[in-house]
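Reading through the structure tokens given below for one structure.
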Amino acid sequence: MSHCRRLGPNDKDIVIFATKEDHKIPSKVKLPEVQPPPGLILDNGDINWNCPCLGGMATGPCGVEFRNAFSCFHYSEADPKGSDCYDLFKTMQGCMQKFPALYNKDMGDDDHDVNNSANALASASAADSNEIKSSDAKQLKSGNSVDNKDK
């Protein structure tokens, strides 16, 4: 026969002693249905700030600025969407620039990003032309001619 006993200081622990017969009876406990984890937008249309898809942006030193800008964009009815949120995004960007170790170090104004992209493209182009020149040199060293028509 099963029974319970209270143990520990102030009888805070309850130990249940069950018999083999007790375990033969199927459980009558009904578990709730497994709910799929909510995404970014909840069923009621609110933003799920705990969504892992936000990568923790809603917390941290610029969390308030991020939530303000993201909320503005989400609920924006302007055309184009979010065009009325420029100042909030600018404030968020300013905050993120104060914490380069936490947020992307390469974040900057759009001109800076465009310059970085242009420099990367120029470097890649130069590397390609160096590879071509290198391959031409190999052909010449082996006694072959170089055809420049398609280069």
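Observations, loosely collected:
- Segment CYS4-TYR86, extension gain: residue separation times 0.36 nm, minus the distance between their alpha carbons: 23.1 nm
- Treating r as the C-beta distance of GLU77 and CYS51 and R0 as 22 Å, the FRET efficiency rounds to 0.45.
- Trypsin sites (Lys or Arg not before Pro) within region 2-51, DSSP loop, no more than 14 other Cβ atoms inside 10 Å: LYS12, LYS28, LYS30
- Estimated inter-spin distance, ASN44 and ALA101, nm [label 7 Å along Cα→Cβ]: 3.9 nm
- Overall form of region 8-67 per C-alpha gyration tensor (a/c, 1.5; a/b vs b/c): oblate
All of the numbers you see were taken from the coordinates with simple rules; none came from a lab. Just so you know, these numbers come straight off a predicted model, no measurement behind them. Using ideal geometry, Cβ is built from the backbone for each residue, glycine included, and neighbour counts are taken over all protein chains shown.
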